[in-house]
Amino acid sequence: MGETEKKALFSAVQPSGAVTIGNYIGAIKNFVALQDEFNCIYAVADLHSITVRQEAAALRKNTLELMALFIACGIDPEKCVLFVQSHVPAHCELTWVLNTITYPGELSRMTQFKDKSAKHADNVNMGLMDYPVLMASDILLYQAAAVPVGADQKQHLELTRDLAVRFNNRYGQTFTVPEPYIMKGSGAKIMSLADPSRKMSKSDENPNAFITMSDDRDTIIRKCKRAVTDSGNEVRSAEDKPGVSNLIAIYGAFTGKTAEETEREFSGKGYGDFKVAVGEAVADALAPVQAEKARLLKEKDYLNGIMKRGAETAARIARRTLSKVYRKVGFYSGD
Ligand code: TYM
């Protein structure tokens, strides 16, 4: 398929602290897998991350680290557009316009807003509430047909679709209505190792609840050994075995094995052996990624060059959509 026939795909990850294997399995792994099939545009969503308090120096560091991680995971900067969200002003500009067709009730009922408001009760800010509109802008600016995300972002994508349809109905065809691209099965929602009824989250206070992409081998194996499993001793994926099912999903994501293959491999063996095997598989898979990321971080000029070039390309595409939007809503162009 030629470049022009490929559909556009957009996704982003926030540079707010460590990236977990949940982010990797639910999102970044698919970013890599989809890069030949689509024209892919991937951003470091720094504008989103300031909706909860960030330390400025840490945010700067995490932004560069996430860019390096994208590439170390296998995203090819020659094939994909990689950029930092705040480098392309159109994201904020479109957000303003979309705000005028979004109702407060739509935003206040978002699960993530409710969760984060409860968690950061001392900082329930307008940005936190407006988060999904900025996300819609990210996606719609690039006329993205597909958006690979974890299951927790589904509600935000539904709002994005609603806003695209609403704008198109009001002003005429402007935006592509995007489809979520959510992995089938449990990879779309990797659960906490400490409490398998909750999502694995980088903001969990308990560091044993998640594995980060930069955890070392011993830490990874220790966290897997400590993972909360269910009663019984049989390695089997089942609804009443959320802990073991989660570990099977993690094992599968890093080894390519299906749940059935894993069940067969560990039949007759107990949880103990299985947990060590999961830890080793994760550590083996992450070692080359960590080495490549460390190497890239020493090449700051190279990374800066990628994000500069990415921002220029992204801005060009985004500007095309934004100009169309401005014309449709009636902003006088002066031309
Ligand atoms: P963030 O940084 O919170 O998460 C990045 C991606 O990781 C997925 N994810 C998970 N997948 C499986 N299991 C988990 N435990 C898990 N935790 C997180 C998220 O679903 C996400 O795909 N709001 C977005 C960032 C964003 C964005 C966008 C995404 C900003 N603009 C436009 C798509 C399109 C987010 O959740 O980031």
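The values are calculated or read from the model by the stated rules, or taken from the named source; none is laboratory data. All of these numbers come straight from a predicted model, not from anything done at the bench. All Cβ positions, glycine included, derive from the backbone under ideal geometry; neighbour counts span all protein chains shown.
Of the residues Ser16, Ser11, only one is in contact (Cβ under 8 Å) with a residue 24 or more places away in the chain, buried (at least 23 other Cβ atoms within 10 Å of the Cβ) and among the hydroxyl-bearing types (Ser, Thr, Tyr); which?
Ser11
Considering only region 171-183, I want to know if a residue exists there that is in contact with a strand residue (DSSP E or B) (Cβ under 6 Å, 6 or more places away or on another chain) and at positive phi.
Scanning region 171-183 turns up no residue that is in contact with a strand residue (DSSP E or B) (Cβ under 6 Å, 6 or more places away or on another chain) and at positive phi.
Pull out all pairs, ordered by first then second residue, where Cβ-Cβ is under 7 Å, the residues are six or more apart or on different chains, the first lies in region 158-172 and is touching a residue at least 40 places away in the same chain (Cβ under 8 Å), and the second is part of a helix (DSSP H, G or I) and crowded, with 17+ Cβ neighbours inside 10 Å.
Pairs found: Leu159/Pro132; Leu159/Ala136; Leu163/Leu98; Leu163/Ala136.
Rundown of residues vs (1) free of Cβ contacts under 8 Å to residues at least 24 places away in the same chain; (2) closer than 23 Å to Tyr24 by Cα; (3) in contact with a Lys or Arg (Cβ under 8 Å, 6 or more places away or on another chain), yes/no style:
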| residue | (1), (2), (3) |
| --- | --- |
| Glu260 | yes, yes, no |
| Ala277 | no, yes, no |
| Glu292 | no, yes, no |
| Gly305 | yes, no, no |
| Lys328 | no, no, no |
| Asp335 | yes, no, no |
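Is it the case that some residue within region 168-190 is at pLDDT 95 or above, away from the ligand (no atom under 12 Å from the Cβ) and crowded, with 20+ Cβ neighbours inside 10 Å? Break it down into steps so the answer makes sense when it comes.
In the first step, residues of region 168-190 are kept if they are at pLDDT 95 or above; the result is 168-178, 190.
So of that shortlist, the ones also away from the ligand (no atom under 12 Å from the Cβ) come out as 168-177.
Now drop any that are not crowded, with 20+ Cβ neighbours inside 10 Å, which leaves 175.
Within region 168-190 (the criterion being at pLDDT 95 or above, away from the ligand (no atom under 12 Å from the Cβ) and crowded, with 20+ Cβ neighbours inside 10 Å), the answer is yes, since at least one residue qualifies.
With respect to Ala151, determine if the residue is touching a Ser or Thr at 6+ places or on another chain (Cβ under 9 Å), within 9 Å of the ligand (Cβ to nearest atom) and not charged (D, E, K, R).
Here the answer is no, as Ala151 does not meet what is asked.
For region 1-55, give me each residue that is among the hydroxyl-bearing types (Ser, Thr, Tyr), within 12 Å of the ligand (Cβ to nearest atom) and part of a helix (DSSP H, G or I).
Passing the criteria: Tyr24, Ser49.
So Ala253 passes all but one of these: (1) over 16 Å from Met191 (Cβ atoms); (2) at pLDDT 95 or above; (3) surrounded by 15 or more Cβ atoms within 10 Å (Cβ to Cβ). Which condition number does it fail?
With respect to (1) over 16 Å from Met191 (Cβ atoms); (2) at pLDDT 95 or above; (3) surrounded by 15 or more Cβ atoms within 10 Å (Cβ to Cβ), Ala253 is out only on (1).
Does any residue of region 61-76 turn out to be under 20 Å from Glu299 (Cβ atoms), within 14 Å of the ligand (Cβ to nearest atom) and in a loop (DSSP other than H, G, I, E, B)?
Yes: region 61-76 contains one or more residues that are under 20 Å from Glu299 (Cβ atoms), within 14 Å of the ligand (Cβ to nearest atom) and in a loop (DSSP other than H, G, I, E, B).
Please specify each residue of region 135-155 satisfying the condition of being buried (at least 23 other Cβ atoms within 10 Å of the Cβ) and in a helix (DSSP H, G or I).
Met135, Ala136, Ser137, Asp138, Ile139, Leu140, Leu141
Can you tell me how many residues within region 37-63 are under 13 Å from Asp138 (Cβ atoms), buried (at least 22 other Cβ atoms within 10 Å of the Cβ) and touching a strand residue (DSSP E or B) at 6+ places or on another chain (Cβ under 8 Å)?
Summing the residues that are under 13 Å from Asp138 (Cβ atoms), buried (at least 22 other Cβ atoms within 10 Å of the Cβ) and touching a strand residue (DSSP E or B) at 6+ places or on another chain (Cβ under 8 Å) in region 37-63 gives 6.
Can we say Gly279 is in a helix (DSSP H, G or I), small (Gly, Ala, Ser) and loosely packed, with under 13 Cβ neighbours inside 10 Å?
no
Residue by residue, here is whether (1) of a type in the set (S, T, N, Q); (2) part of a helix (DSSP H, G or I) holds:
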{"site": "Ser203", "(1), (2)": "yes, no"}
{"site": "Ser214", "(1), (2)": "yes, no"}
{"site": "Ile220", "(1), (2)": "no, yes"}
{"site": "Cys224", "(1), (2)": "no, yes"}
{"site": "Gly232", "(1), (2)": "no, no"}
{"site": "Asn246", "(1), (2)": "yes, yes"}
{"site": "Gly252", "(1), (2)": "no, yes"}
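Ile101 passes all but one of (1) in contact with an Asp or Glu (Cβ under 8 Å, 6 or more places away or on another chain); (2) closer than 23 Å to Val177 by Cβ; (3) away from the ligand (no atom under 15 Å from the Cβ); (4) of a type in the set (Val, Ile, Thr); which number fails?
Against the list (1) in contact with an Asp or Glu (Cβ under 8 Å, 6 or more places away or on another chain); (2) closer than 23 Å to Val177 by Cβ; (3) away from the ligand (no atom under 15 Å from the Cβ); (4) of a type in the set (Val, Ile, Thr), Ile101 comes up short only on (1).
Please specify each residue of region 216-241 satisfying the condition of being closer than 21 Å to Asn23 by Cα and crowded, with 19+ Cβ neighbours inside 10 Å.
Ile220, Ile221, Lys223, Cys224, Ala227
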